Amino acid sequence: MLQDQDEKEEIDMTPMLDVVFILLIFFIVTASFVKEAGIDVNRPEAATAVKKERANILVAISDKGDIWINKRKVDVRSVQANIERLKAENPQGTVVIQADKKATTDTLIKVMDSARAAGVYDVSIAAQEG
């Protein structure tokens, strides 16, 4: 009879662990991860610069005209395919182009055209608040 009482007094931890794992999975799935473009650029200053909240697709253009997406240097011809892939991962994401002060306008326009051709019409150019 003493053994029956000891067995009845055990605490079953399984339901609590199930709830904890379900919450963990929920937070991992709903988390929005910040993706880096891959290089640091010297952005130009703008008096009307506004912070963009949901900028998930970052494209950086260096002073030499190199284009970086997700810490990888990409060719100007593959920018559209990369943006399409990132847009498929996050349909609400917007494109922010971080162009260096010394980057050419030609490269900037090609990247903007590639973003629009990929179906992203919310394209912004990053600047520092001045």
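Worth pointing out:
- Multiplying the residue separation of residue 29 and residue 88 by 0.36 nm and removing their Cα-Cα distance gives an extension gain of 19.7 nm.
- Per-residue extension of 0.36 nm, minus the Cα-Cα distance of residue 70 and residue 109, leaves a gain of 12.1 nm for this segment.
- Ordering of 69-82, 105-118 by burial proxy (mean other Cβ atoms within 10 Å per residue, highest first): 105-118, 69-82
- Residue 101-residue 19 pseudo-label distance in nm [points 7 Å out on the Cα-to-Cβ vector]: 5.6 nm
- In this structure the amide hydrogen of residue 94, modeled in the peptide plane, comes within under 5 Å of the amide hydrogens of 56, 57, none closer than 5 places in sequence on its chain.
All of the numbers you see were taken from the coordinates with simple rules; none came from a lab. The structure presented is a predicted model; accordingly, all values stated were derived computationally and were not measured. Note: ideal-geometry Cβ built from the backbone for every residue, glycine included; neighbour counts use all protein chains shown.
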